[in-house]
């Protein structure tokens, strides 16, 4: 499974756009990239998943360059409630149970007023 | 119903006790997972069940015994645990039909005295 590297922590202010980049140099052809959000003492929550180019949903965007060796999670106009740990996972999901299973160290995002 | 439920929310047990953690989902997911998460660390994969059969055991000590009685239920039986086993235990499930995210439960906070 591909290893991921993220910044340990990031600070932001309310209303700003936050971009968290994840490196995954040995990503395999079948691997998807998935981001989760986790609040203290809660289970991780799915944010977004992509394979290439750009994916957008109601809460975030995911940018993946052509070489797929990195990806950037973009959170528009963050609020205090976005303070959490964000995990980037890389793995294959084609009909097998061995999907995105291995969590990296994550990025602790702190949003200040 | 898009929820994974876990019981109990909190559990305190002595090193000689036997207890069980329960996880349930009614989303028709055929892959179910147990993770262990220590404070300020990412979740660590323990076990994976695929179609009610154990497919991955990440070298977990035998004092942890998983069980998948049916496609909706996952148990983790605990016996003779150590204080260092105190952690948040997370259950997750996902469909095997396509690339998809894992749905996590809220976790059971376990304290071993």
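Points to keep in mind about this one:
- When each of A:3, A:108, A:52, A:69 is tested for being within 11 Å of chain B (Cβ to nearest Cβ) and in contact (Cβ under 8 Å) with a residue 12 or more places away in the chain, the lone residue that passes is A:108.
- Some residue of segment B:2-22 being more than 12 Å from every other protein chain (Cβ to nearest Cβ) and closer than 17 Å to residue A:101 by Cα: no
- Annotation: residue B:108 fulfils all but one of (1) within 11 Å of another protein chain (Cβ to nearest Cβ); (2) under 17 Å from residue A:46 (Cα atoms); the unmet one is (2).
- Within the option set B:21, B:11, B:73, B:54, being within 14 Å of the chain's Cα centre (by Cα) and either free of Cβ contacts under 8 Å to residues at least 12 places away in the same chain or crowded, with 20+ Cβ neighbours inside 10 Å (or both) holds for one residue only, B:21.
- The set of residues in segment A:10-48 being more than 28 Å from residue B:87 (Cβ to Cβ), free of Cβ contacts under 8 Å to residues at least 40 places away in the same chain and within 14 Å of chain B (Cβ to nearest Cβ) consists of A:29 alone.
- Among the candidates B:84, B:101, B:67, B:44, the residue that is more than 21 Å from residue A:39 (Cβ to Cβ) and either at the interface with chain A (Cβ under 8 Å from one of its Cβ atoms) or touching a strand residue (DSSP E or B) at 6+ places or on another chain (Cβ under 6 Å) (or both) is uniquely B:67.
Laboratory data are not the source of any read-out in this text; all were calculated from the coordinates shown. Because the structure is a prediction, the values reported are computed rather than measured. Because the Cβ atoms are built from the backbone with ideal geometry, glycine has one as well, and the counts that use them run over all protein chains shown.
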